[in-house]
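Working notes for the structure below.
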Amino acid sequence: MSEQKAASIPIAFTKKQGKPKGRPVDPAARTEIEALIQGESCAPDMLIEHLHKIQDKFGHISSKHIAALAAVMKMSQTEVYEVATFYHHFDVVKEGQTPPPALTVRVCESVSCDMAGAHELIDALKRGLGDHIRVQPVPCVGRCDTAPIAVVGQNPIDHADAAAVIDIANAGDIEAPVTAYIPFDQYLSHGGYQLYRDCIEGKRTSEELISIMENSGLRGLGGAGFPVGRKWRIVSGQPAPRLMAVNIDEGEPGTFKDRYYLERDPHRFLEGMLIAAWAVGIQKIYVYLRDEYAGCRKILTKELAALQANPPANLPEIHLRRGAGAYICGEESAMIESIEGKRGMPRLRPPFVAQVGLFGRPTLEHNMESVFWVRDIVEKGPEWFTAHGRHDRKGLRSFSVSGRVKKPGVHLAPAGITMRELIDEYCGGMLDGHEFYGYFPGGASGGILPASMGDIPLDFDTLNQYGCFIGSAAIIVFSDKDKAKDLALNAMKFFEDESCGQCTPCRVGTEKAAKLMEKPQWNQSLLEELSVAMIDASICGLGQAAPNPLRSVMKYFPDELK
């Protein structure tokens, strides 16, 4: 048969009859979803916000609600499902599965809480609470200074003991309390927002403010330590529109400084944020707050509404976004992915977020505390900030201190202070019966140092030569009643649980390291080989820093490995 004749023969296609692909949308579920998000945007970046509404309303996220939400938002069910299952705080229930109990009691089992008896508390709660209440071990909830912590619903119980938690859970006292703080009117009465008003009215210039921040030497206080003024200058030179993302997802075990300041003086943070946005020429601001901070969310929601109802000057758009329980979203690019409504997967760089960040636009990304100090530095001058410091270091640092000290908490101290000085002058010394044995200088990822190295100045770059770093200044102090080996294992299990799974060195490396560290005798050569692979090949800081505690134990606590 010739090609011409074959081409002329018509081909009949038979449409296969049957159900459409994907889960059919339940009409009742769709009605429930439409009622939940009525009047709100259905843009893809609102996906996580809407998933929270479902979780809050029903206590879990069912398959029928995933299908309905996908239909309402005009997204595929796969997109919605993969995001919902990525975050720890969403309970996704497949068809045929039993939903979780209506109430969950979460008990932190990270380093500080572990030292304070978290696992004994978990066991007691599982024995003392009925099947109608779920007891769930969880990573750090940002209240390390009052360890151990149990969170009943959204109500954090400091210094938790089993009897008190059981009574509170059975009483259904699940709402997050709101601490006493400086509200909008009071902040205004003490000169608040005058500096921002001066900026808008032209009494200050962008160049002036950027120069002040450069001269102050303030570095990013989320952990990376990039100079604030230099970041402002870089982003301000990028093409408009420019966006801003504020990171309040402090999930590093041992860190709670951002919560401390938010619970006391939220408008000092908001004004600093607005001044930074004005200086850099920002169009929209997105504030990303970790889900564990329900009390802070109440404060920010209320105070942002008060600010927007009576603005001291023109305001950019401000959006408050809620995290969903993923430590990895503390990494700037993973946070940006989450704000966009996606899984919190770190991006490969370059390009950097200052060039291509949120929604593809140049983005000024800052930790909350980095902008908290802006008003003070501009009003008092950069010399006020640089006048502080010890041991040839300059500036102030907010140290989140927890562990075996008499006065844990956030201590504002000179940069460069040593661990021994911090314990003696700010923390009231060690707990009675405990002898200083070692410390984490920068949370779970910052490594571990012995007491014999307690005279090293604590600041950016001073610990690098020892295989450690200060990061967000999360200090965990332990004593002769603890073992560095056990604490390092706790940290590695945290990283194993919190790895986003995107890259093999981190996903497999943390799991393999944790198993090796559980053995009575560590295979140190294999652990070192594994550490090098994770450091060299992981995409982001989680995998790169995860080996720091185990390497520190092998280097500084060799007697524990004999």
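I'd like the full set of residues that are farther than 20 Å from LEU221 by Cα, within 14 Å of the chain's Cα centre (by Cα), not aliphatic (A, V, I, L, M) and not in a strand (DSSP E or B), limited to the stretch 320-367.
Step one: of the stretch 320-367, the residues farther than 20 Å from LEU221 by Cα are 320-322, 324-325, 337-345, 347-351, 355-356, 358-362.
From what is left, the residues that are within 14 Å of the chain's Cα centre (by Cα) are 321-322, 324-325, 337-339, 344-345.
Filter once more, so that each one left must be not aliphatic (A, V, I, L, M): 321-322, 325, 337-338, 344.
Within the stretch 320-367, GLY325, GLU337, SER338, GLY344 meet the criteria.
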Conditions (1) in a helix (DSSP H, G or I); (2) open to solvent by less than 60 Å² (accessible area, probe 1.4 Å); (3) within 29 Å of SER452 (Cβ to Cβ) -> PRO505 fails only (3)
Residue that is touching a helix residue (DSSP H, G or I) at 6+ places or on another chain (Cβ under 9 Å) and within 28 Å of PRO408 (Cα to Cα), where the choices are VAL93, VAL135, VAL72 | VAL135
Please tell me if LYS64 is surrounded by 14 or more Cβ atoms within 10 Å (Cβ to Cβ), at negative phi, in contact with an Asp or Glu (Cβ under 6 Å, 6 or more places away or on another chain) and not aliphatic (A, V, I, L, M).
-> yes
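Somewhere in the stretch 196-204, is a residue of a type in the set (Phe, Trp, Tyr), out of contact with any Lys or Arg (no Cβ under 8 Å at 6 or more places or on another chain) and closer than 19 Å to MET368 by Cβ? Give the steps one after another, and end with the answer.
Here is the first cut: in the stretch 196-204, the ones of a type in the set (Phe, Trp, Tyr) are 196.
Subsequent filtering for residues that are out of contact with any Lys or Arg (no Cβ under 8 Å at 6 or more places or on another chain) retains 196.
Remaining after also requiring closer than 19 Å to MET368 by Cβ: 196.
Checking the stretch 196-204: at least one residue is of a type in the set (Phe, Trp, Tyr), out of contact with any Lys or Arg (no Cβ under 8 Å at 6 or more places or on another chain) and closer than 19 Å to MET368 by Cβ.
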Tell me, which strands (runs of 3 or more DSSP E) lie completely within the stretch 375-488 with 2 or more residues that are open to solvent by 10 Å² or more (accessible area, probe 1.4 Å)?
-> 396-403, 409-414, 436-440
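Of the residues ASP536, ASP480, ASP486, which single one is more than 28 Å from LYS394 (Cα to Cα) and over 27 Å from the mean Cα position of the chain (by Cα)? Spell out how you get there, then give the answer.
On the way: ASP536 fails: over 27 Å from the mean Cα position of the chain (by Cα); ASP486 fails: over 27 Å from the mean Cα position of the chain (by Cα).
Going through ASP536, ASP480, ASP486 in turn, the sole match is ASP480.
Have a look at GLU560, GLU511, GLU518 and point out the one that is of a type outside the set (Val, Ile, Thr) and within 24 Å of the chain's Cα centre (by Cα). Break it down into steps so the answer makes sense when it comes.
Details: GLU560 fails: within 24 Å of the chain's Cα centre (by Cα); GLU518 fails: within 24 Å of the chain's Cα centre (by Cα).
Only one candidate qualifies: GLU511.
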Run ALA491 past the list (1) assigned to a loop (DSSP other than H, G, I, E, B); (2) under 19 Å from LYS512 (Cα atoms); (3) at pLDDT 95 or above and report the number of the one that doesn't hold.
-> (1)
Requiring at least 2 residues that are modelled with pLDDT of 90 or more, the helices (runs of 4 or more DSSP H) wholly within the stretch 1-78 are 27-36, 47-58, 63-73
Select from the stretch 257-289 the residues that are open to solvent by less than 10 Å² (accessible area, probe 1.4 Å) and closer than 15 Å to GLY142 by Cβ and list them in ascending order.
-> LYS257, ASP258, LEU262, TYR288, LEU289
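Take the residues in the stretch 315-336 that are among the charged types (D, E, K, R) and more than 22 Å from GLY281 (Cα to Cα); name whichever of them is surrounded by the fewest Cβ atoms within 10 Å (Cβ to Cβ).
Within the stretch 315-336, the subset among the charged types (D, E, K, R) is 317, 321-322, 331-332.
Subsequent filtering for residues that are more than 22 Å from GLY281 (Cα to Cα) retains 322, 331.
Numbers: ARG322: 18, GLU331: 25.
Looking at the filtered set, the residue picked out is ARG322.
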State whether the residues of the stretch 129-139 include one that is under 20 Å from the mean Cα position of the chain (by Cα) and assigned to a helix (DSSP H, G or I).
-> no
Under the condition of being of a type in the set (D, E, K, R) and touching a strand residue (DSSP E or B) at 6+ places or on another chain (Cβ under 8 Å), which residue from the stretch 290-314 is surrounded by the most Cβ atoms within 10 Å (Cβ to Cβ)?
-> GLU292
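The values are calculated or read from the model by the stated rules, or taken from the named source; none is laboratory data. Only a predicted model underlies this, so the values are computations on that prediction, with no experimental measurement involved. Don't worry about glycine lacking a Cβ; one is built from the backbone with ideal geometry, like all the others, and counts go over all protein chains shown. Note: accessible area is taken over every heavy atom of the protein model, side chains too, but ligands, DNA and RNA are not part of it. Shrake-Rupley method; radii C 1.70, N 1.55, O 1.52, S 1.80 Å.
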